[in-house]
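Working notes, beginning with the structure itself.
Derivation of every value follows stated rules applied to the coordinates shown; laboratory data play no part. What you are looking at is a predicted structure, and each value in this text was computed from that prediction instead of being measured. All Cβ positions, even for glycine, are placed from backbone atoms using ideal geometry, and neighbour counts span all protein chains on display.
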Amino acid sequence: MEMDFGHIQRLPVVVAALLTLAALAPSAAGATTTPAPGYGQFAGCPNPAQNPQIETCFRSVFTSGTFQAGGMEFPISKPITYSGGYTASNEVDFNATGGMPPVPQSVPGGIVGLTGLTWLAMLLSPSQQALSADIELAGMPGPPLPETLSLPVKIHLTNTILGSNCYIGSNANPIVLDLITGTTSPPPLNSPITGTESTISTTPNEVLDLEEGTYVDNSFAAPGANGCVLTIGGSPPISIDSLINSQNGLPAAAGSNTAIFDFDTELVEAAVVYP
């Protein structure tokens with residue numbers, strides 16, 4: 001019986017042919033609920049008891065890159081993992097182990113750069129001035145296909161004086177990234193940028209590797225800040241959403257923002273992970 005990866009959109013026929021396997025896939029009725037030995041990286045993929053419609057398991061790692069929304073920009077210096085599974089119709093699902101767990105990324109300029117309040121440097125130690133940004137899911141994303149990835153996100157800004165709910169974007173008003181490995185067609189003022197197609201290969205354990213690719217998008221809009229409060233000492237919290245927005249040019253219209261994600265992705269039939 002051949003294992004079918006035909007639902008991977010836009011995958012070249014020559015690559016799809018590499019995925020033809022001779023092994024018989026075990027029936028779902030006897031499927032295990034934990035990944036088989038050698039497939040632990042796919043633990044975020046729902047097992048048949050959690051979602052019997054899952055056909056493909058994936059694990060994608062954004063190894064580096066940059067994210068810029070308005071005047072706020074930060075490098076992706078720590079790898080971010082996105083994992084789960086998807087159905088024949090490309091509907092994504094993931095269990096409690098999967099999704100895209102937050103990974104704090106350091107924001108240059110810290111809290112002073114974010115707010116423009118230079119006097120904070122006199123009140124706070126260097127560690128207290130540090131600002132982190134987590135890229136969090138803000139809706140159901142798409143599967144990490146060789147050429148495209150749809151990713152609705154919000155940016156969680158964290159600092160000791162910002163409160164715990166300071167975000168750029170929200171679940172109701174996300175930053176919607178339509179990432180591609182090709183060339184973008186952004187509105188002004190941005191110019192087109194081009195990603196990098198991944199190197200595609202298969203491994204002896206039936207995993208499809210998409211290595212050293214780059215997704216790009218500079219056509220998205222970025223909403224304003226929400227939930228950001230300034231709390232110093234025993235003073236009452238003060239909303240600084242408008243201050244952050246004015247300092248960073250938010251909301252930022254499409255054509256003034258950029259996301260670049262270098263990635264490595266692994267794909268495999270769910271029946272192999274959960275035999």
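For the residue pair residue 106 and residue 205, what label-to-label distance in nm results when each label sits 7 Å from Cα along the Cα-to-beta-carbon direction?
3.4 nm
Semi-axes of the equivalent ellipsoid of the chain: what are they in whole Å, largest first, if each equals the square root of 5 times a C-alpha gyration tensor eigenvalue?
On the way: eigenvalues 310, 85, 42 Å².
After scaling each eigenvalue by five and taking roots: 39, 21, 14 Å.
Among 50, 62, 237, which residue has its Cα furthest toward the positive end of the charge dipole of the chain, with +1 on Lys/Arg Cβ and -1 on Asp/Glu Cβ?
237
Taking one equal scatterer on every alpha-carbon of region 56-97, how large is log10 of I(q)/I(0) by Debye at q = 0.17, 0.20, 0.27 1/Å?
-0.63, -0.73, -0.87
I'd like the Kirkwood hydrodynamic radius of region 75-114, using the inverse of the mean 1/r over distinct C-alpha pairs, in Å.
12.6 Å
Could you state the per residue volume, in Å³, of the convex hull enclosing the Cα atoms of region 110-153?
104 Å³
Identify, among 79, 114, 135, the residue whose Cα sits farthest towards the positive end of the charge dipole of region 13-273, taking +1 on the Cβ of Lys and Arg and -1 on the Cβ of Asp and Glu, with the dipole about the Cα centre.
The listed residue farthest towards the positive side: 114.
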